[in-house]
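S.K.: Dropping the structure in here first, questions after.
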Amino acid sequence: MTSSKGVADLGADTLRDLDYPALVLHEDALESNLAAMADFCAGAGVLHAPHAKTSLSPQVVERHLRHGAWAMTAATPAQVRGLHRLGVGRILLANVLVDDASIRWVADDLLSRPGEDAGFWCYVDSIAGAEALERGLAGTDRVLDVLLEVGYVGGRTGTRTAEESLRVAQHVASSTHLRLAGVSGFEGLMPTKGHDVPPGIDAYLANLGSTVRLLRDHGLIDESVPPIVTAGGSSYFDLVADALGPRAFDFPVRTVIRSGCYATHDHGTYRRTSPWDGRASGAPRLRPALELLASIWSRPEPTLVIAGFGRRDVPTDDTLPVVLGRYDASRRLAPIDGVTVDRVNDQHAFLTVPADLELSVGDLLGLGLSHPCGAFDRWPSIPLVDADHIVMGNVTTDL
Ligand SMILES: Cc1ncc(COP(=O)(O)O)c(C=O)c1O
């Protein structure tokens, strides 16, 4: 019932009919996570532009929009094109844009779209970057909305000081083709340990807020619509909403969070860092929606089991997968204690098991992953399953 990696027939039983390994996406968990975030945004008065790079899946993007996403976020010009092809109206490129061909395409295709539901924003963090945009837009009558990106020392892109922010913003404000629409940042990669919140996060978010006030006080932000203030991945969006939500300003703003990975959540990095899992108790709770099914191939030593999956099938940039259990004859995922995935080759996994554990060749394991982006990357199509593991559709990762 699988025709190529990941593609499954409707109605197929993923505990019986597939070639393994197989990654499956649990629809009830996905929907419950999407609904939880939609409720949160409505309650906090923030807009949501989910990051499309998590799944790169048209079907997942459609679900985000159905749950009320205000815009979609992209990381690269190719992802912007993919969202445009899907008919997404508001697209936030959470990145600088410097290549001539991409800027020309934005000018010709994106900025020509009429209507209130159409919009495109990208970042600037330097005068050189602003000049690249201006060169690409020269000779057109287009005006491009840009967000000043504010970073932090040791971080990625983004200005490092208030003086630099002011200089870049002044340059943008004096340009013909650029309009300063707000301020952006990203807190999700700030260094931390385990479940701890990054020590620098409060100061960084406060800095984003004071930059908005500074630029506004200098008359550098376009005032025809409330400025955009955007930050927020899936680890600390609660802190972003507190520090940068509408109540944090004494003038109207549009606070936009860009969380993407919360949609599938995971058993690793987001389990540790999400406010709706390891980092805090209480509701709502996110549910990991991705599950890898893999069979036992061999038990060459009493405590060594070789399972049929490897780094071609699962992300390995954070932690290795965790064994959730083994499917028993009544299709129940029965937990098995003391089993760890210790290393992977391309297509083999090395599991350490207690010597007295009954585990046989051909047994089917359910595994949880860390970092959804890398999981979606490895599967061109992923069966969407109901609570009984029956295929209700496929999501493709070809945005
Ligand atoms: C700039 C930017 N914004 C938003 C996000 C989304 O965060 P998350 O993947 O935690 O949902 C990312 C993810 O890497 C990002 O790099």
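S.K.: Taking region 261-285, which residues are small (Gly, Ala, Ser) and more than 10 Å from the ligand (Cβ to nearest atom)?
M.R.: Those that are small (Gly, Ala, Ser) and more than 10 Å from the ligand (Cβ to nearest atom): Gly268, Gly278, Ala280, Ser281, Gly282, Ala283.
S.K.: Can I ask one more? Looking only at region 147-165, which residues are in contact with a Lys or Arg (Cβ under 8 Å, 6 or more places away or on another chain) and either part of a strand (DSSP E or B) or open to solvent by 30 Å² or more (accessible area, probe 1.4 Å) (or both)?
M.R.: Scanning region 147-165 gives Tyr152, Val153.
S.K.: At least 3 residues that are touching a Leu at 6+ places or on another chain (Cβ under 7 Å) and free of Cβ contacts under 8 Å to residues at least 60 places away in the same chain in each: list the strands (runs of 3 or more DSSP E) lying fully within region 23-127 that qualify.
M.R.: Qualifying strands (runs of 3 or more DSSP E): 119-124.
S.K.: Suppose we filter region 208-256 for residues that are part of a helix (DSSP H, G or I) and out of contact with any Gly (no Cβ under 8 Å at 6 or more places or on another chain); how many remain?
M.R.: Counting residues in region 208-256 that are part of a helix (DSSP H, G or I) and out of contact with any Gly (no Cβ under 8 Å at 6 or more places or on another chain) gives 12.
S.K.: Take the conditions in contact (Cβ under 8 Å) with a residue 60 or more places away in the chain and open to solvent by less than 30 Å² (accessible area, probe 1.4 Å) and apply them to Ala181. Does it pass?
M.R.: Yes.
S.K.: Considering every residue within region 185-196, establish whether at least one is over 14 Å from Val253 (Cβ atoms), touching an Asp or Glu at 6+ places or on another chain (Cβ under 8 Å) and either open to solvent by 60 Å² or more (accessible area, probe 1.4 Å) or free of Cβ contacts under 8 Å to residues at least 40 places away in the same chain (or both).
M.R.: No.
S.K.: Which condition breaks for Leu97 when tested against (1) within 14 Å of the ligand (Cβ to nearest atom); (2) open to solvent by 50 Å² or more (accessible area, probe 1.4 Å); (3) touching a helix residue (DSSP H, G or I) at 6+ places or on another chain (Cβ under 8 Å)?
M.R.: It is condition (2) that Leu97 fails.
S.K.: Further question on the same structure: Return the residues of region 257-287 that are in a helix (DSSP H, G or I) and open to solvent by 40 Å² or more (accessible area, probe 1.4 Å); say none if nothing qualifies.
M.R.: Arg271, Arg272
S.K.: So for region 288-301 (the condition being assigned by TED's automatic domain parsing to the domain that holds Arg16, in contact (Cβ under 8 Å) with a residue 40 or more places away in the chain, part of a loop (DSSP other than H, G, I, E, B) and farther than 27 Å from Leu65 by Cα), does at least one residue qualify?
M.R.: no
S.K.: Of the residues Val143, Val150, only one is in contact (Cβ under 8 Å) with a residue 40 or more places away in the chain, among the β-branched types (Val, Ile, Thr) and in the same structural domain as Phe186 (by TED's automatic domain parsing); which?
M.R.: Criteria check complete, one pass: Val150.
S.K.: Here is a further query. In region 32-57, what residues are at positive phi and within 15 Å of the ligand (Cβ to nearest atom)?
M.R.: Across region 32-57, the qualifying residue is only Leu56.
S.K.: Looking for whichever is closer than 21 Å to Ala29 by Cβ and either away from the ligand (no atom under 16 Å from the Cβ) or charged (D, E, K, R) (or both) here; the options are Pro354, Pro300, Pro321. Which one fits?
M.R.: Pro321
S.K.: So in region 219-238, with the set limited to residues that are touching a helix residue (DSSP H, G or I) at 6+ places or on another chain (Cβ under 7 Å) and away from the ligand (no atom under 13 Å from the Cβ), which one is nearest to Gly188 (Cα to Cα)?
M.R.: Checked region 219-238; the qualifying residue nearest to Gly188 (Cα to Cα) is Val229.
S.K.: Here's another thing I want to ask about it. Give me a count of the residues in region 296-313 that are open to solvent by 10 Å² or more (accessible area, probe 1.4 Å) and under 29 Å from the mean Cα position of the chain (by Cα).
M.R.: The number of residues fulfilling the criteria is 2.
The values are calculated or read from the model by the stated rules, or taken from the named source; none is laboratory data. What you see is a predicted model; the values in this text were computed from it and never measured. Cβ atoms come from the backbone with ideal geometry, glycine included; neighbour counts cover every protein chain shown. These accessible areas exclude ligands, DNA and RNA; they are computed on the full protein's heavy atoms, side chains included. Shrake-Rupley method; radii C 1.70, N 1.55, O 1.52, S 1.80 Å.
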